[in-house]
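The values are calculated or read from the model by the stated rules, or taken from the named source; none is laboratory data. Small disclaimer: the values here were computed from a predicted structure and weren't measured. Ideal geometry is used to build each Cβ from the backbone, glycine not excepted, and the neighbour counts take in all protein chains shown.
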Amino acid sequence: MEWQNELTRLVKTSYPIVQAPMLGVTTPAMVAAISNAGGLGSLPVGGLSPDQTRSLILQTKALTTKPFAVNLFAHQNSPVNTAQADQMLQFLKKLCAQHQINYPKPDLNSIIFHSYEEQIDILLEENIPVVSFTFGILNKEVIHAFKEKGTVLIGTATYLAEATLLEQNGIDCITAQGMEAGGHRGTFLDSKTLPLIGSFSLIPLVAENCQVPVLAAGGIYNGKTIKAAFTLGAKGVQLGSAFISSNESLAIESYKKSIHDAAETDSVLTKTFSGRWARGIQNKFMMEVENSGLAIPDYPIQNALTTPLRVLAQKQNNKDFTTLWAGQSASKAESKPAGEIFQKLIKETESLP
Ligand SMILES: Cc1cc2nc3c(=O)[nH]c(=O)nc-3n(C[C@H](O)[C@H](O)[C@H](O)COP(=O)(O)O)c2cc1C
């Protein structure tokens with residue numbers, strides 16, 4: 001197996017294997033473990049404050065001198081529809097009371113939404129070599145600033161039109177996110193229906209129509225699936241769910257157990273937690289919000305409304321009221337150090353004909 005290719009040369013790693021950024025799950029220790037093992041660790045900072053962003057970068061740098069990516073959310077914030085948000089707040093309060101949860105109701109007027117534009121100077125100052133992003137496309141000035149610095153840019157596409165637009169805007173590599181993928185859909189262009197293209201269709205489509213390297217994401221978890229992605233035209237693979245149960249993960253024990261026990265049909269798409277489509281294991285919260293029939297405020301408003309509840313549920317190891325983001329092959333995730341999971345992926349892939 002020849003691992004060196006245009007993607008490894010671009011991001012300067014030994015292997016074209018990327019640990020997916022997973023906000024709420026990935027830690028600096030996880031990122032460093034993968035980068036130190038010769039892959040590309042990705043540090044998620046989407047929607048975080050500039051202070052949190054810098055602190056996480058410094059924590060990661062203290063653990064590795066190897067290249068790692070920093071991941072941004074490239075959406076524009078929508079204005080808050082106060083009436084809709086209020087209705088949702090009242091519902092959440094009632095729901096929590098029914099379940100004996102003391103919902104720390106957020107104050108709508110004091111919620112601050114951070115834009116990726118507030119984080120750019122930090123990434124430039126810290127000489128981050130690779131910046132990946134999802135939920136949109138960075139604006140032209142920001143792309144220009146990164147290009148001047150020599151930063152490698154990786155954008156997320158869920159269908160061909162998004163991949164083409166990213167390429168036309170000078171993005172160096174495209175993450176083709178298949179519908180199997182855990183967490184949020186990166187979709188950012190309007191389409192008649194939510195694009196749900198499986199990796200088997202999406203990888204060759206993007207690889208055949210774009211010149212830049214394709215990073216395949218969604219449903220990849222072992223040597224065979226890595227090999228399949230390369231056969232379909234990918235130059236690299238990005239795995240998220242495979243690292244959720246790692247020792248370095250922030251996932252609570254009941255989340256790890258849920259993904260371990262999950263059937264492939266248990267992972268569903270929902271907007272209930274954040275206002276954006278995301279894939280995770282179905283739980284009580286999702287069903288209650290869906291059954292309420294209420295309009296769900298757009299991302300990131302719904303995300304902000306549910307944050308205090310999720311934080312509380314996590315403290316209580318309560319899987320019913322927090323996100324259990326997971327891809328369709330998440331049950332294969334192993335509870336081991338992230339570096340060992342990574343080494344096993346390399347070994348399995350190399351042992352294949
Ligand atoms: C828990 C979780 C959190 C995620 N958070 C992010 C994120 O912050 N930024 C991002 O670009 N993608 C995020 N994703 C999506 C991953 O980048 C990737 O597309 C996905 O994990 C690949 O599919 P897999 O889970 O089947 O490996 C997340 C995925 C999961 C499972």
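Do the conditions hold for F273, that is, is it closer than 28 Å to Y221 by Cα and out of contact with any Ser or Thr (no Cβ under 7 Å at 6 or more places or on another chain)?
In short, no.
Across region 319-342, what is the number of residues that are part of a helix (DSSP H, G or I) and either touching a helix residue (DSSP H, G or I) at 6+ places or on another chain (Cβ under 8 Å) or within 12 Å of the ligand (Cβ to nearest atom) (or both)?
Total meeting the criteria: 10.
Could you grab me the full set of residues in region 278-296 that are part of a loop (DSSP other than H, G, I, E, B) and either free of Cβ contacts under 8 Å to residues at least 60 places away in the same chain or more than 23 Å from K93 (Cα to Cα) (or both)?
Passing the criteria: Q282, N283, G293.
Does S42 count as over 14 Å from the mean Cα position of the chain (by Cα), in contact (Cβ under 8 Å) with a residue 12 or more places away in the chain and assigned by TED's automatic domain parsing to the domain that holds E125?
In short, no.
Taking region 87-126 on its own, how many of its residues are assigned to a loop (DSSP other than H, G, I, E, B), in contact (Cβ under 8 Å) with a residue 40 or more places away in the chain and more than 27 Å from D51 (Cβ to Cβ)?
Summing the residues that are assigned to a loop (DSSP other than H, G, I, E, B), in contact (Cβ under 8 Å) with a residue 40 or more places away in the chain and more than 27 Å from D51 (Cβ to Cβ) in region 87-126 gives 3.
Would it be correct to say that S258 is within 11 Å of the ligand (Cβ to nearest atom), within 21 Å of N317 (Cα to Cα) and not β-branched (V, I, T)?
No, not satisfied.
Sort out which residues of region 305-318 are polar (S, T, N, Q), in contact (Cβ under 8 Å) with a residue 12 or more places away in the chain and away from the ligand (no atom under 16 Å from the Cβ), and write them in order of number.
N317, N318
In region 64-74, is there at least one residue being away from the ligand (no atom under 15 Å from the Cβ) and within 28 Å of E253 (Cβ to Cβ)?
Within region 64-74 (the criterion being away from the ligand (no atom under 15 Å from the Cβ) and within 28 Å of E253 (Cβ to Cβ)), the answer is yes, since at least one residue qualifies.
Looking only at region 42-72, which residues are over 22 Å from A242 (Cβ atoms) and not hydroxyl-bearing (S, T, Y)?
Passing the criteria: G47, L48, P50, D51, Q52, R54, I57, L58, Q59, K61, A62, L72.
Here is a yes/no grid of residues against (1) outside the structural domain of P297 (by TED's automatic domain parsing); (2) polar (S, T, N, Q); (3) surrounded by 15 or more Cβ atoms within 10 Å (Cβ to Cβ):
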residue: A83; (1), (2), (3): no, no, no
residue: K94; (1), (2), (3): no, no, no
residue: Q98; (1), (2), (3): no, yes, no
residue: P106; (1), (2), (3): no, no, yes
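Which is assigned by TED's automatic domain parsing to the domain that holds E2 and out of contact with any Leu (no Cβ under 7 Å at 6 or more places or on another chain), of V206, V212?
When all the criteria are applied, what remains is V212.
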